[in-house]
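S.K.: Supplied in structure tokens, the structure appears directly below.
The values are calculated or read from the model by the stated rules, or taken from the named source; none is laboratory data. Just so you know, these numbers come straight off a predicted model, no measurement behind them. Every residue, glycine as well, gets a Cβ built from its backbone with ideal geometry; the counts of neighbours run over all protein chains shown. For accessibility, only protein heavy atoms count, side chains too; no ligands or nucleic acids. Shrake-Rupley method; radii C 1.70, N 1.55, O 1.52, S 1.80 Å.
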Amino acid sequence: MDIDMGTFTKLLLDAQDPDDNIRLVAEGSLKQLQDLDFPNFLLSLSAELSKDASPAKCRSLAGIILKNSVEGKYSKQNHLNIERWFNLDQLTRSKIKESLLTTLGSSAAEVRHASSQIIGKLAWIEIPSRQWQDLIGKLLGNMAQQGASPLLKQGTLEALEYVFEEFVGLKQNEIDDVLDAVIRAMKRAEQNYEVRLAAVKALQNVLKFANFANEDCRNRLMTAICDAAKSDEGEEKKKIKQGAFSCLTAIAPEKYMALEPYMETILSLTSEALEEGEETVALQCIKFWSTICGEVIELREQKKRFAHASSTADCCFIEKPLCSLVPVLLKIVLNREGDVDALKIFTSATTCLGLVARTIGDAIVPLAIQFIDCNIEMADWRSRKAATSALGVILEGPSVEKLAPVVGMLIDRMEDTNMEVRRTAVCTLGRVFELLHSPAHAKRFFTDEDFCRVMAVLSNCGKDGPEVFKEFCGAIYVLARGYQSISSEVDHSKKKISSELSPFLSGFIDVLLSASELDKEAPFGLPASAYTYKALIELVRVSNIQDYKAEIAIRVLMPRIMRRLNTALDAEAISPSDKSNKYNLQALQCDVLHAIIQKLGRSLAADMVKESPQFVLLLFCRVLTCDCSTARDKAALAIGALAHTVGPKFVAYMSILLQYYNVKVFSPIYIEVIGNIFHVLGDEILPYCDYMMDVLYKGLSKQRLKPQILACFGEIALAIGEDFEEYLQVVMKKLKEAANPRYYANVFDEDKVNYGNQLRQGIFKAYSGILRGIKDPKSGLKVAADLVEFIETVCKDKNRDASVTSTAVALLSEFGSTVETWTDGLISKLTND
């Protein structure tokens with residue numbers, strides 16, 4: 001069916017009409033033409049694309065539709081497109097390809113761009129199948145053609161860029177010919193700037209396939225790139241420089257070892273570009289050096305992990321140019337400090353400095369110290385801040401011994417007259433704690449004398465403005481984590497280390513709580529609260545509760561947090577934002593109390609919790625009624641910790657908890673906590689058992705809770721033993737109903753498959769607890785028979801995941817010892833009889 005081109009152009013025009021009625025009719029007509037006669041539809045698109053007389057917007061849309069019709073990568077639809085393309089007769093395909101090649105010289109940039117993209121797509125489809133073998137020759141012919149227009153060269157180079165975007169199985173001699181053509185187009189002899197820019201962009205893709213092992217090829221490439229990177233006047237030519245540095249960055253990941261002979265030239269070019277300060281060019285220069293450092297760091301890590309790793313990981317040649325680069329980067333940090341418009345360059349430069357520090361280690365320290373010494377006492381606060389920032393970014397890489405001189409500088413800046421400098425200094429201190437001072441891992445940056453001074457100055461910083469306080473909280477958080485594994489050690493020498501924080505604990509707590517006091521006018525508008533409580537949690541966790549000072553600090557902290565939680569519960573939140581902040585605050589406060597209860601519970605100070613747990617329990621129960629699942633879960637976990645600390649006497653407070661024990665507040669975590677409480681109380685919980693089991697039965701109506709409730713039945717059976725026999729018949733009925741294959745058989749939706757797996761894990765856990773908990777072998781064998789039937793059903797389901805299988809295997813492994821226990825009981829009974 002021949003398609004009238006005038007009509008076709010009109011359809012393409014109407015398909016872009018803002019009037020929905022006109023546009024939808026045109027789109028439907030185009031779809032109909034595509035379905036009725038696909039070959040002629042594609043021919044019409046290519047003809048429209050190449051027709052100079054057509055409106056630009058029609059030609060552009062024709063290009064888009066044609067590209068989408070032959071898209072050749074990634075999706076199932078693309079696979080169908082490839083198949084449809086190859087089903088076209090040879091003549092039709094040839095006409096379309098020739099039309100595309102002709103259009104490369106179009107005066108319309110969007111048309112050249114569309115043709116280039118489509119040629120790249122078709123090359124990806126055809127060349128691996130030994131089709132379109134003359135494509136590269138024709139493109140190179142365009143470049144070599146006497147008197148070829150700059151527009152044709154631009155279009156051809158862009159087509160080469162897309163052809164080489166993905167590997168298409170070209171021979172090495174073809175790749176070399178393309179490189180020659182691209183390099184010629186990059187040279188200054190080419191008068192047209194757009195042609196040179198298109199050549200640089202094409203090279204970024206072509207050079208991936210260059211033979212860098214060939215010295216002549218490598219020299220030609222590097223000479224062309226370095227020439228393109230040399231300074232040029234004018235805004236437009238900066239794009240060529242940017243493209244040239246992008247080429248260097250593209251080479252760096254895999255072939256940077258081959259760059260050794262050119263490092264001096266590259267350093268000179270990048271340093272010059274960084275001095276000039278043009279953002280897009282400077283960012284590419286920094287990216288190049290960051291990439292180089294990243295590769296060296298990765299190779300050294302590989303060498304540590306694998307004995308057979310390449311010895312080239314040493315890369316000694318890289319140290320000299322990097323040392324020369326450091327002052328240039330530090331100058332950027334100084335000049336761009338506080339310049340909002342230059343934030344990208346500042347951030348990239350500081351990131352690069354950090355990578356350089358990791359790459360050359362101690363060699364960066366004297367260079368950085370020289371810069372810091374020159375700026376750390378300057379009258380301009382920006383200079384002092386830049387010096388402090390520089391100190392922070394070089395911490396990872398150099399040795400502690402080499403960095404020792406910066407201690408005094410850092411402490412002094414924490415007492416600087418300018419708030420921004422103080423904030424940066426405290427932030428840097430946090431990095432010191434994170435990277436260099438972790439007593440739990442035998443890493444120490446500060447001497448005992450320095451440490452005491454740092455702690456005193458840090459406490460004062462906590463009383464500073466909100467910006468400094470945020471960094472103060474972060475520093476405290478990281479400092480505390482550095483003692484994390486020591487706090488639970490039995491070794492007294494290690495306990496002594498964890499006691500280092502004890503003299504400062506009370507002061508830190510006071511500062512943290514003072515700065516985050518709730519404002520009566522806006523009780524939930526203080527962002528400092530989140531940082532405060534996270535820092536408090538870590539301090540509590542790592543404190544040595546055997547140390548008298550730490551014990552006193554934690555004892556005093558508990559009622560203070562309880563009062564705050566009570567205030568937060570009573571405060572009215574109107575706006576959605578306030579409600580969200582209120583719930584987040586309650587969650588954090590529950591977390592702190594949870595940590596305190598756990599810490600005191602493991603010490604002689606546990607009596608503080610045991611003597612009057614009803615007050616804190618009531619607070620947690622009130623949180624259980626809020627509309628935030630996170631806060632409810634944090635409260636539930638804290639209740640579990642409280643029950644564990646109080647022990648069997650917690651039964652006296654079950655009447656409080658049961659007022660808040662209902663399906664509405666149930667969550668998987670709350671149900672797990674209930675199982676733990678049964679273990680803590682054992683037989684003591686029996687008077688409440690009927691009611692608690694009834695509520696759990698009702699909870700089974702909630703699909704999302706069913707797996708956890710079933711598992712909880714197992715925990716209850718294990719906790720109360722033979723007393724569970726009273727509930728066995730009902731529970732077994734519930735398990736059989738939950739084991740019905742309708743929940744997971746022939747299910748393919750991912751969420752339903754996952755739910756089915758969770759459900760079966762819950763069932764297996766229930767069987768595990770019941771079999772180990774009940775004592776009567778007769779009842780046990782009936783349960784075992786049901787278990788075997790369930791396992792047989794599960795074995796038939798191919799959707800089960802590994803966790804279900806491992807849970808089942810673990811249960812069967814336990815079953816042997818369970819049977820042995822039953823057997824011993826029967827033998828004992830027979831013997832006694």
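S.K.: Could you report the chain's accessible area per residue, 1.4 Å probe, as an integer in Å²?
M.R.: Result: 46 Å² per residue.
S.K.: About its Cα centre, what dipole magnitude does the chain give when the only charges are +1 on Lys and Arg Cβ and -1 on Asp and Glu Cβ, stated in debye to the nearest 20?
M.R.: Dipole about the Cα centre, nearest 20: 880 debye.
S.K.: What is the gain in length, in nm to one decimal, between Ser701 and Glu611 on full extension, counting 0.36 nm per residue of separation less the C-alpha to C-alpha distance? The partial results should precede the final answer.
M.R.: Values: separation 90, 0.36 × 90 = 32.40 nm, distance 3.84 nm.
Using 0.36 nm per residue and subtracting the Cα-Cα distance, I get 28.6 nm.
S.K.: How far is it, in nm, from the label point at Asp749 to the one at Ser459 when both lie 7 Å from their Cα along the line to the Cβ?
M.R.: Distance between the two pseudo-spin positions: 5.9 nm.
S.K.: If you keep only loop residues by DSSP, which trypsin sites (Lys or Arg not before Pro) in segment 158-262 have at most 16 other Cβ atoms within 10 Å of their Cβ? Don't skip to the end; give the middle numbers.
M.R.: Details: sites: Lys171, Arg184, Lys187, Arg188, Arg196, Lys201, Lys208, Arg218, Arg220, Lys230, Lys237, Lys238, Lys239, Lys241, Lys255; in loops: Lys171, Lys187, Arg188, Lys230.
In loop regions of segment 158-262 (DSSP not H, G, I, E or B), the sparsely surrounded trypsin sites (Lys or Arg not before Pro) are Lys171, Lys187, Arg188, Lys230.
S.K.: Right, something else. Just need the Rg to Rh number for segment 353-399, please, alpha carbons only, Kirkwood Rh. Don't jump to the answer; show the numbers that get you there.
M.R.: On the way: Rg = 10.7 Å, Rh = 10.6 Å.
Answer for segment 353-399: 1.01.
S.K.: Give me the net charge for the shell around Arg23: Cβ to Cβ below 14 angstrom, other residues only, Lys and Arg +1, Asp and Glu -1.
M.R.: On the way: positive: Lys10, Lys31, Lys57; negative: Asp14, Asp17, Asp19, Asp20, Glu27.
The answer is -2.
S.K.: How far is the Cα center of segment 325-397 from the Cα center of segment 676-706, in Å?
M.R.: 60
S.K.: When only C-alpha pairs under 8 Å and at least 6 residues apart count, what is the relative contact order of the chain, in percent? Spell out each step's value before the answer.
M.R.: Values: 1049 pairs, mean separation 35.7, N = 833.
Once divided by the residue count of the chain, the mean separation gives 4 percent.
S.K.: Next up: Name the residues whose placed amide hydrogens come within less than 5 Å of the amide hydrogen of Lys443, ignoring near sequence neighbours (fewer than 5 apart) on the same chain.
M.R.: Ser438
S.K.: Projecting each Cα onto the charge dipole of the chain (Lys/Arg +1, Asp/Glu -1 at the beta carbon, about the Cα centre), which of Val406, Thr447, Val695 comes out farthest on the positive side?
M.R.: Val695
S.K.: Hey, if you drop one equal point scatterer on each alpha-carbon of the chain and run the Debye formula without solvent, what base-10 log of I(q)/I(0) do you get at q = 0.08 Å⁻¹?
M.R.: -1.05
S.K.: Return the calculated 222 nm mean residue ellipticity for the chain, to the nearest 500 deg cm²/dmol, obtained by summing -39500 (n - 2.57) across DSSP H runs with n ≥ 4 and dividing by the residue count. Numbers along the way, then the final one.
M.R.: On the way: 40 runs with 606 residues, N = 833.
After summing the helix terms and dividing by residue count, I get -24000 deg cm²/dmol.
S.K.: Moving on to the next point. Taking 45 Å as R0, compute the FRET efficiency from the Cβ-Cβ separation of Asp801 and Tyr691 and round it to 0.05. Mind showing how you got there, number by number?
M.R.: On the way: r = 36 Å, r/R0 = 0.79.
My answer for the efficiency is 0.80.
S.K.: Could you give the DSSP H helices of the chain that reach 30 angstrom or more along their long axis (alpha carbon positions) and whose average Kyte-Doolittle hydropathy is no lower than 0.5? Could you put the intermediate results ahead of the total?
M.R.: Working: long enough: 235-255 (31 Å, -0.64); 279-305 (38 Å, -0.23); 548-570 (34 Å, 0.10); 576-601 (37 Å, -0.38); 750-773 (34 Å, -0.73); 802-832 (45 Å, 0.41).
Helix filter hits for the chain: none.
S.K.: Further, regarding this structure: Using Cα positions and a limit of under 14 Å, work out the aspartates and glutamates in reach of Lys634, with same-chain residues fewer than 8 apart set aside.
M.R.: Filter leaves Asp591, Glu672.
S.K.: Further, regarding this structure: At 0.36 nm per residue, minus the direct Cα-Cα distance, what do Asp227 and Leu80 gain on full extension? Give it in nm, one decimal, please. Numbers along the way, then the final one.
M.R.: Values: separation 147, 0.36 × 147 = 52.92 nm, distance 4.52 nm.
The span from Asp227 to Leu80 would gain 48.4 nm if fully extended.
S.K.: A follow-up question, please. Relative contact order of segment 168-231, please, whole-number percent, based on alpha carbon pairs below 8 angstrom and at least 6 residues apart. Walk me through the intermediate numbers first.
M.R.: Values: 38 pairs, mean separation 21.3, N = 64.
So the answer I get is 33 percent.
S.K.: State the percentage of accessible surface on the chain attributable to carbon and sulfur atoms; use a 1.4 Å probe and exclude ligands, DNA and RNA.
M.R.: Numbers: 19850 of 38320 Å².
Its accessible area is 52 percent carbon and sulfur atoms.
S.K.: Ok, one more. Tell me which of Ser129, Ala711, Asn205 sits at the most positive position along the dipole axis of the chain, charges placed on C-beta atoms (Lys, Arg +1; Asp, Glu -1).
M.R.: Ala711
S.K.: Assuming R0 = 35 Å, what is the FRET efficiency of Asp35 and Ala108, from their Cβ-Cβ distance, to the nearest 0.05?
M.R.: Values: r = 29 Å, r/R0 = 0.83.
FRET efficiency, Asp35 to Ala108: 0.75.
S.K.: Which value in nm describes the separation of the simple spin-label points at Asp373 and Ser655, placed 7 Å from the Cα toward the beta carbon?
M.R.: It works out to 7.6 nm between the two label points.
S.K.: Cα atoms only: what Rg and Dmax, in Å, come out for segment 1-150?
M.R.: Taking only Cα atoms of segment 1-150, I get Rg and Dmax of 15.7, 50 Å.
S.K.: For segment 756-823, which GluC sites (Glu not before Pro) are in a loop by DSSP, counting at most 14 other Cβ atoms within 10 Å? Walk me through the intermediate numbers first.
M.R.: Values: sites: Glu789, Glu792, Glu814, Glu820; in loops: none.
Sites meeting the loop and neighbour criteria: none at all.
S.K.: Continuing with this model, one more query. Report the percentage of all Cα-Cα pairs in segment 404-446 whose separation exceeds 13 Å, rounded to a whole percent. Please report the intermediate quantities before stating the final value.
M.R.: On the way: 487 of 903 pairs.
Across segment 404-446, Cα pairs with separations above 13 Å total 54 percent.
S.K.: Turning to a different aspect of this structure: Across segment 1-104, how many lysine pairs, 8 or more positions apart or on different chains, have C-alpha atoms separated by under 21 Å? Please give the number.
M.R.: Lysine pairs meeting the criterion: 15.
S.K.: As an exercise, use a Förster radius of 45 Å and the Cβ-Cβ distance of Ile552 and Lys303 to find the FRET efficiency, rounded to the nearest 0.05.
M.R.: Computed FRET efficiency for Ile552 and Lys303: 0.35.
S.K.: According to the Cα gyration tensor, what semi-axes, each the square root of 5 times an eigenvalue, does the equivalent ellipsoid of segment 654-756 have, listed from largest to smallest in whole Å?
M.R.: After diagonalising the Cα gyration tensor, the semi-axes are 26, 16, 11 Å.
S.K.: How much length is gained on full extension from Ser813 to Ser506, taking 0.36 nm per residue of separation minus their Cα-Cα distance?
M.R.: On the way: separation 307, 0.36 × 307 = 110.52 nm, distance 5.04 nm.
Value of the extension gain: 105.5 nm.
S.K.: Work through the residues other than Pro668 whose Cβ is under 14 Å from its Cβ and net out their charges, Lys, Arg +1 and Asp, Glu -1.
M.R.: Value of the local net charge: +3.
S.K.: Find, among the GluC sites (Glu not before Pro) in segment 539-617, those assigned to loop by DSSP (not H, G, I, E, B) with at most 12 other beta-carbon atoms within 10 angstrom. Mind showing how you got there, number by number?
M.R.: Values: sites: Glu551, Glu572, Glu611; in loops: Glu572.
Hits after loop and neighbour filter: Glu572.
S.K.: Could you give the dipole magnitude of segment 148-298 about its Cα centre, charging the beta-carbon of Lys and Arg +1 and that of Asp and Glu -1, in debye to the nearest 20? Don't skip to the end; give the middle numbers.
M.R.: Values: 17 positive and 27 negative charges, 59 e Å.
Approximately 280 debye in magnitude.
S.K.: Among Leu334, Ala228, Cys795, which residue has its Cα furthest toward the positive end of the charge dipole of the chain, with +1 on Lys/Arg Cβ and -1 on Asp/Glu Cβ?
M.R.: Cys795
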